[in-house]
Each structure stands twice: as structure tokens, then as C-alpha cells.
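One structure is given below, encoded as C-alpha cells.
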Amino acid sequence: MNGLQDTARKIKNMDIRGAGRIARAAASALKGFALQLDVGTTKEFDAEMNMAARVLLDTRPTAVSLYNAVMMVIRYKAESVDEARASVVANADQFIDNSNKAVEKIGEIGSKRIQSGDTVLTHCNSMAAITVISSAHKAGKDIRVIATESRPRCQGLLTIAMLNELGIDTTLIVDSAVRSVMNNVDLVVVGADVVTANGSLVNKIGTSQVALCAYEARSPFVAAAETYKFSPKTLMGEMVPIEERSPDEVATDISNLKHVKIFNPGFDVTPHRYIDMIFTEVGAIPPEMSYMIIKEKLGWEMDPTPGISQQL
Ligand code: RI2
């Protein structure tokens with residue numbers, strides 16, 4: 001379990017982060033785990049794979065990409081251990097390949113909504129959102145980007161480094177400056193950790209404030225989300241758990257303030273009415289169409305066929 005435990009630890013402490021990246025890392029860890037699994041029966045293989053899946057799922061609770069990736073990889077039916085192993089490997093390879101292609105396709109689709117001369121604002125560090133921006137830049141459009149710092153972990157600093165590498169004119173702002181710049185923003189593009197059945201967006205803390213500012217200033221607000229970031233669980237009525245992270249991330253010593261505590265949620269919910277469009281690899285959709293994406297692409301929650309993932 002060493003490689004798998006190592007990936008789980010890195011996802012938990014956010015050495016591996018970003019909803020797409022943790023999904024691909026989980027798929028790859030399950031593949032590695034299956035390849036080295038030395039068991040005699042499919043029953044034992046199933047039990048070990050279920051345990052491995054649980055270890056990965058217990059790392060971070062919010063991003064449904066992790067859950068969807070695990071489900072896609074361990075959904076197999078096999079007569080022998082070799083067949084089961086081959087199936088897990090093929091599922092993992094396919095997931096990773098589809099995921100990388102999805103981000104590229106989202107870039108291609110989303111970049112068409114950016115015009116030369118536009119200023120684009122982004123929050124946190126999303127590869128899907130950055131690919132939309134970089135595709136527009138690579139298409140020769142003259143654009144400027146405003147990137148938020150994204151407290152408390154300041155993933156905005158990763159974003160500005162990536163945009164700088166691409167040669168894109170970028171301005172860093174503190175999160176509380178969003179409203180001050182919004183009147184000059186032509187498009188807001190953010191990533192997604194979860195899109196729910198009613199089209200609401202769960203993304204890095206602060207996203208909903210950015211969306212509210214955009215709505216009030218009449219700047220379009222769009223999300224870039226691969227379809228495996230849509231949540232089949234929400235279609236079955238589940239609420240999205242919002243990860244609460246350590247107060248230490250907020251980096252303020254309050255030990256001498258005995259009436260004060262720190263609350264540090266990792267994500268917030270942007271209601272669908274503040275979202276103009278969601279760019280997915282199967283097209284730019286209004287948030288209200290999320291239900292269809294979940295039903296058509298991720299319908300296994302409703303599928304009566306038992307696979308091993310049904311037990312999780
Ligand atoms: P991509 C991140 O979560 C951010 O909330 C980001 O918007 C989202 O994942 C999607 O990122 P965290 O892991 O998959 O930093 O588009 O908590 O890269």
C-alpha cells in the first residue's frame with residue numbers, strides 16, 4: 001500500500017492539489033496498487049481495491065472529482081484476478097487520458113468567449129480556468145489577467161507564476177480588491193471542485209463573493225469544469241460537504257485571545273443564478289443543464305448493475 005498511502009498523504013496535505021490533479025493522482029495510485037496486488041481470488045482483489053479506494057476517498061471530502069475518478073477506476077466485473085487487474089489498469093489509463101483531453105477541449109471552447117482587448121479575472125489556481133485563458137492568449141488575443149491572491153493558502157501565487165511563464169500581462173490583487181477592479185473586468189473565469197445537480201458551483205473559498213461582485217457589476221461569470229466535476233451524489237439528494245481546514249493556515253496567533261476562534265472553510269457555494277455559463281468538454285452549458293450532464297455522463301448512482309464500487 002506504500003505508493004497508495006504516499007499519494008493519499010500528498011492529497012491530504014495538498015502537495016497534490018487542484019480538483020483535476022487529485023483525481024488523476026488517485027486513478028494512477030489505484031492502477032499502481034492493482035498492479036502490485038498479490039492475491040489468489042477475485043473476492044480478495046475486490047476487498048483490497050475497496051480498501052484502497054476508501055483510503056483515497058478519506059483524504060479530502062469536497063472535490064467530487066476524486067470520488068468520480070475512484071468510481072470510474074474500480075468499476076469492473078471480472079472472472080479472474082488478471083482480468084480484474086487489467087480492467088483497473090485500463091480504466092485508470094482511460095480516466096487520465098480523458099481528463100487531460102477534457103481540459104484541452106475546455107480551453108478551446110472557453111477561449112472563444114474571450115476577445116482581444118479583454119481583461120479576465122480568475123480566482124485561486126484552476127488548470128481548467130488557466131487553460132481557457134492560455135488558449136485565448138495562444139490564439140493571438142491581446143488579453144490582460146487579474147488574479148486574486150486567494151487567502152489563506154494563496155494559490156493565486158501559483159496562478160501568476162503560470163501566467164507569467166506564458167507571457168501574459170497579469171496583475172495580482174488581494175481578495176478584498178475584487179469589487180474595486182470589477183468594473184474593468186470583461187469576464188470572470190474560475191474552476192470547479194463540484195457542480196451540483198441544480199447547477200450551483202462549489203469552488204475555492206471566496207468564489208461566491210467574486211460571483212456576487214461580478215453579478216452586481218454585470219460582468220459575465222463563467223466556470224470551467226470537466227464533466228467528472230459534476231456530482232451524481234447531489235442528484236440523489238446529498239449535500240456537498242465543505243472541507244474545514246486547519247486554523248493554522250490562517251497564520252494568525254490567537255493563543256492569547258481566549259474568546260476568539262478561527263473558522264477556515266476551504267470552499268463556498270455559488271448559486272447557479274450568478275453563473276452565466278459552465279465550460280465543459282462536451283460544450284458550454286447553462287448551469288441549469290447540469291442535471292443532464294450528471295444523468296448522461298455519471299449515471300451510475302442510479303444504475304442497478306452491481307459493480308464493486310457499489311459497495312463504497
Ligand atoms: P482544476 C482547487 O481546489 C481550486 O478550488 C480550483 O478552483 C479547483 O481545485 C479546480 O482546479 P484545491 O485543491 O481542477 O486547491 O481546474 O483546494 O485545476
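The values are calculated or read from the model by the stated rules, or taken from the named source; none is laboratory data. This is a predicted model, so every value here is computed, not measured. Counting neighbours? That spans all protein chains shown, and the Cβs are built from the backbone with ideal geometry, glycine included. Heads up: the accessible areas ignore ligands, DNA and RNA and are worked out on the full protein's heavy atoms, side chains in. Shrake-Rupley method; radii C 1.70, N 1.55, O 1.52, S 1.80 Å.
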With (1) within 16 Å of the ligand (Cβ to nearest atom); (2) open to solvent by less than 70 Å² (accessible area, probe 1.4 Å) as the list, and Glu108 as the residue in question, which single condition is left unmet? (2)
Does any residue of segment 132-145 turn out to be assigned to a helix (DSSP H, G or I), open to solvent by 10 Å² or more (accessible area, probe 1.4 Å), in contact with a helix residue (DSSP H, G or I) (Cβ under 6 Å, 6 or more places away or on another chain) and at negative phi? yes
Tally of residues being closer than 15 Å to Val81 by Cβ and either surrounded by fewer than 19 Cβ atoms within 10 Å (Cβ to Cβ) or in contact with a strand residue (DSSP E or B) (Cβ under 9 Å, 6 or more places away or on another chain) (or both) across segment 4-41: 7
When segment 35-62 is checked residue by residue, the ones that are among the hydroxyl-bearing types (Ser, Thr, Tyr) and over 16 Å from Asp6 (Cβ atoms) are Thr41, Thr42, Thr62
Determine the pairs where a residue that is closer than 17 Å to Gly117 by Cα, located within segment 127-142, has a partner that is hydrophobic (A, V, I, L, M, F, W, C) and near the ligand (Cβ under 8 Å from one of its atoms) with Cβ atoms under 9 Å apart, the partner being 6 or more residues away or on another chain. Val132/Ala224
Out of Leu163, Leu157, Leu121, report the one residue that is part of a strand (DSSP E or B) and in the same structural domain as Lys229 (by TED's automatic domain parsing). Leu121
Note: among Val195, Val222, Val188, Val202, just one is within 14 Å of the ligand (Cβ to nearest atom) and touching a Cys at 6+ places or on another chain (Cβ under 9 Å), namely Val188
Which pairs do you get when a residue that is assigned to a helix (DSSP H, G or I), found in segment 227-254, comes within reach of a residue that is of a type in the set (Asp, Glu), reach meaning Cβ atoms under 8 angstrom, with the pair 6+ apart or on two chains? Thr227/Glu281; Lys229/Asp193; Pro232/Glu301; Lys233/Glu301; Leu235/Glu301
